[in-house]
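Peer 1: Take a look at the following structure, please.
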Amino acid sequence: MSSKAIKLIFLIILAQVLSGCAARMAVLPDDIPPMHTVQEFSDDENVSRTRDPWEGFNRSMYKFNYEADRFVLLPVVNGYETVIPRFARDGVSNFFANLREIRTFFNSILQANGRKSLVTLGRFVTNSTIGIGGLFDPATAFGMRQEHEDFDRTLETWGVGPGPYLVLPILGPNTVRSAGGLVVDGGVRWAIVNAIDPFGETGVRTEIEAGSTALEVVDLRYRESFRYYDSDYPFEYCMVRYLVTQERELKSFR
């Protein structure tokens, strides 16, 4: 596999995790006093659910991701908001959300969820045609609710446990299972793009694909309100770890 292909897969996985993991975080208002203590997020009962055997590494990565977010991603997002008008940003968000329907579709099939796979397929076809390539979202207006599935959820459906907590460089909070799911989802997406090869005749295929994926990363960060350490909670790492791991449990009751 070429180095360009490896870089492209990394960007795809980055886009996947920003849509799947970063969105789980929540910012707590500054004027509301803490309703929880650090002990609540780190007692024996919760540790049994949230195993963190690599806490030293994970805390280092959490700080590294804060620095990368502060000095790289957020300045790019601020420039994006300044230069690109709102209606165009909405179109970009709709376009990439439509592409992510493919991930939900094949994972719904793997989960043997026929209803969800049919709705997702209907959304993709509708938005790709009437919605002009996904720039608009008429499917929602037609009553087809957007679903979100990934290979992490597929593994959970198959009975695979989440494994220990893991904070990846740039890619952020995960579990071992969700990290593996990111690799599979990114690999499937790369394989589909490679099979269709929409830019094969342009002579700059890799550059276009990398640029498109980078734009998706910017769009995903633009739509995510979470900011590292904005909560001013001294135990934010523990809080985020708890929320990220419990989010999957809550989805199990959907």
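Each reported figure results from applying straightforward, stated rules to the coordinates on display, with no laboratory input. Quick caveat: nothing in here was measured; it's all calculated off a predicted structure. No Cβ is skipped: glycine too gets one built from the backbone with ideal geometry, and neighbour counts run over all protein chains shown.
Peer 1: Could you give the length gained by full extension between THR82 and ALA68, i.e. 0.36 nm per residue of separation minus their alpha carbon distance, to one decimal place? Present the calculation step by step, with values, prior to reporting the outcome.
Peer 2: Working: separation 14, 0.36 × 14 = 5.04 nm, distance 2.04 nm.
My answer for the length gained is 3.0 nm.
Peer 1: Also, quick follow-up: Could you give me the ³J(HN,Hα) list for segment 160-165, computed from phi with Karplus coefficients 6.51, -1.76, 1.60 and θ = phi - 60°, whole Hz, x at Gly and Pro?
Peer 2: Residue by residue, segment 160-165 yields 7, x, x, x, x, 5 Hz.
Peer 1: Oh, and also: With the crude spin-label approximation of a point 7 Å out along Cα→Cβ, what separation in nm comes out for VAL160 versus SER225?
Peer 2: 3.3 nm
Peer 1: Pull out the extension gain between GLN246 and ASP232, defined as 0.36 nm times the separation in residues minus the alpha carbon to alpha carbon distance; nm, one decimal. Let's see the in-between values first.
Peer 2: Numbers: separation 14, 0.36 × 14 = 5.04 nm, distance 2.15 nm.
Contour length minus the Cα-Cα distance gives 2.9 nm.
Peer 1: Moving on to the next point. Select from segment 114-219 those trypsin sites (Lys or Arg not before Pro) which occupy a DSSP coil region and have at most 12 other Cβ atoms within 10 Å, ordered by residue number. Show your work: numbers first, answer last.
Peer 2: Details: sites: ARG115, LYS116, ARG123, ARG145, ARG153, ARG177, ARG189, ARG205; in loops: ARG145.
Of the trypsin sites (Lys or Arg not before Pro), the ones in loops of segment 114-219 whose Cβ has at most 12 other Cβ atoms within 10 Å are ARG145.
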